[in-house]
Amino acid sequence: MKIVDIDYYAIYGNSWLHKISARKKLSTVFLILLTVILVSDYRIIGTIYFILLSIILFSRLPKFKIIALALYPLIFVSLFILSMKNISLAYMFLLIFKVITASTAFVTVIFTTSFIEIFKATEKFLPSFLVNVLFLTYRSIFILWTTLENLQLAMYIRGKPQLKRPIQSIKVISNALGFLIITAIEASENMYEGMRLRGYSGNLRYLRK
Amino acid sequence: MSHIHLPDGILPVWLWLSGYAVIAVYFVFFFFRFRKSSFNKKFALIGILSALMLITMSIEIIPPIYHINLAVLSGIILGPALSVLAIFVVNIILAFLGHGGFTVIGLNTIVVSIEAVLGYFGFKLLSSKIKNIFISAFLATFIALFISSWSTIGVVYSGTHDMDLLVESHNHSGEHKELIQHKQPESFDIKKFILLIMAFSAVGWTVESLITAFIVSYINKVRPDILSMKGSTETE
C-alpha cells in the first residue's frame, strides 16, 4: 500500500471518523495500546479488535485496504509463533490479537487523519526539530513519488527488469534508484534554498486543514 | 530482515523502554553535537533521505517478508549521527502504518541504525583499502546487514525471558483452560527462530548488498561529491 494513497483517503475521505479531532483519535489509540501492553487475556483484546473491526465495517472507509494493511505484521508474528515450543491455543490467540489490535488501531487513524494533523497534534510532546523533520519527510514523499513513477514508466518503456537476467535487472533498478537519490539530494538543496528565501530560521509554519 | 517487525505488546516493557532510553541519550548528544545553523542546512537532506527510505521500503525482495531499506546508503550519505535521526523519523511513520509497533520504535531505530553506522564505517574503511568501490560497498552493506540481523535476534532473545513469565501468568489465570491443549510449559526456541530468520535473510542480504553497491557505483560515477558529503556533515 502506497503512503500517497493512504494520504488521499485521509484527506478526501468523508466518514464520521474523519470528523473527530486528531487529538481525540490519538488519545484513543494510545489507550488501546496501553490495554494491549498490560492485558494478558486474549478475550479482552479480542473484543477490542472486533469493536475496531465493526467501526471499520460500518464506516465509509476502504475496509479491505485497512484490514489488509493491519494484518501485515501478522506475517512476522507467525515466524515468532513457529519458533515456540508447546504453544497453547490461548497464547497463540493472545499474540495474534495483540498484534492485529494495535496495528488496526494505528492504521484506522492513519486512514482517517492526515499526517499534517497528526504532526500538529504531536507538536506539544515532541521537540520542534523532530516535528519539522517529520513534516519535511512527509512533503518529500510526494516529490520523490512523482519522480519514481516517471522512472518506472521510463524503465518499462525501455524493457522492464526480467527474472531471466537477475543481475542485469538489479543493476537497472539500482541505477534508477541511484538517479532517484541524486534527484532527491538536488531537491533537498533546492528545498533548503527555497526555505531560506522564505525566511526559514529553524521553525516551519503550516496551515491548519 | 534487519527490521524488528515484532509489534506492540510482545516485548517486555523494560526492553522497549531501554530502546527509548538509548534514543534519548542520542538526542542529548545530538543537541550538543550540532549547532542550530549547521543542522538547519542538513534538515532538508534528512527529510528527503527519510522519504527515500520509506519509498524504497515498498520494494520487496522476498514479498512480503523482506524489503530493502537503504539504511546503509543513508549512513554513507548522511554520516552516522544524522542517519540515526532519519531512521528514527522513518520508524515513527512506519509505526503509524502498522509496520512494526509503536513501543518498539526505539529498538527498531537502534537495530536499523547499527546497519547505517556499521555501513558508514565499513565503507570508509574498505574503500580506503580496496580500490573497487562496488566491492567496498557490497562488503560494507553485507557485513552491516549480517550484524544488524544478529542484533535483531539478540533483542528478541532478551525479550523471550520475560515472555515466559507472561505465558505462565497467562496460563495460570484459570479463565480459559479449555483452550490449553497440554501441560508442558511453553518456551521460545531461539535456534528455530534463528534458522527461520537466516533462511529468509540470506537472499535478502545479498540482493540488498548488490543494490546498494550498484547505487554507490552509479553515484560515484555521476555525482562523486555526494559520497564525500558525509565528511562535511560530520565536521560541521
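Please arrange A:Lys2, B:Lys41, A:Lys25 by counting, for each residue, the other beta carbons lying within 10 Å of its beta carbon, fewest first.
Going from least to most buried by this count: A:Lys2, B:Lys41, A:Lys25.
Taking 41 Å as R0, compute the FRET efficiency from the Cβ-Cβ separation of A:Val4 and A:Asp41 and round it to 0.05.
In this case the efficiency is close to 0.60.
Cα centroids of the stretch A:64-117 and the stretch A:133-177: how far apart, whole angstrom?
Distance between centres, Cα-based: 29 Å.
What FRET efficiency comes out for B:Lys129 versus A:Asn86 if R0 is 30 angstrom and r is the Cβ-Cβ distance? Round to the nearest 0.05.
Efficiency, rounded to the nearest 0.05: 0.05.
Working out 0.36 nm times the residue gap between A:Phe142 and A:Ser27, then minus their Cα-Cα distance, what length gain in nm do you get to one decimal?
Extending this stretch completely gives an extra 38.6 nm.
Using 0.36 nm per residue, how much length does the chain from A:Met195 to A:Ile11 gain when fully extended, once their Cα-Cα distance is taken away?
Full extension from A:Met195 to A:Ile11 adds 63.8 nm.
For A:Ala154 paired with B:Val22, estimate the spin-label separation in nm (one decimal), with each label point 7 Å from Cα along the Cα-to-Cβ line.
3.9
Which FRET efficiency, nearest 0.05, do B:Asp225 and B:Ala199 yield, Cβ-Cβ r, R0 41 Å?
With R0 = 41 Å, the Cβ-Cβ based efficiency is 0.55.
Add -39500 (n - 2.57) for each DSSP H run of 4 or more in chain A, then divide by its residues: what number comes out at 222 nm, to the nearest 500 deg cm²/dmol?
Mean residue ellipticity, 222 nm, calculated: -25000 deg cm²/dmol.
Could you work out, residue by residue across A:103-115, how many beta carbons of other chains sit within 10 Å of that residue's beta carbon, and then give the average as an integer?
Mean partner-chain Cβ count within 10 Å for A:103-115: 3.
How large is Rg over Rh for the stretch B:101-145, taking Rg from the Cα atoms and Rh as the Kirkwood inverse mean of 1/r across Cα pairs?
1.17
Per the Debye formula with a single identical scatterer at each Cα and no solvent contribution, what log10 I(q)/I(0) holds for the protein assembly as shown at q = 0.08, 0.09, 0.10 Å⁻¹?
-0.46, -0.59, -0.73
In percent, how large is the relative contact order of chain A, given Cα pairs closer than 8 Å and 6 or more residues apart?
Once divided by the residue count of chain A, the mean separation gives 26 percent.
FYI, it's all coordinate maths here, none of it is from the lab. Small disclaimer: the values here were computed from a predicted structure and weren't measured. Cβ: placed from backbone, ideal geometry, glycine included. Neighbour counts: every protein chain shown.
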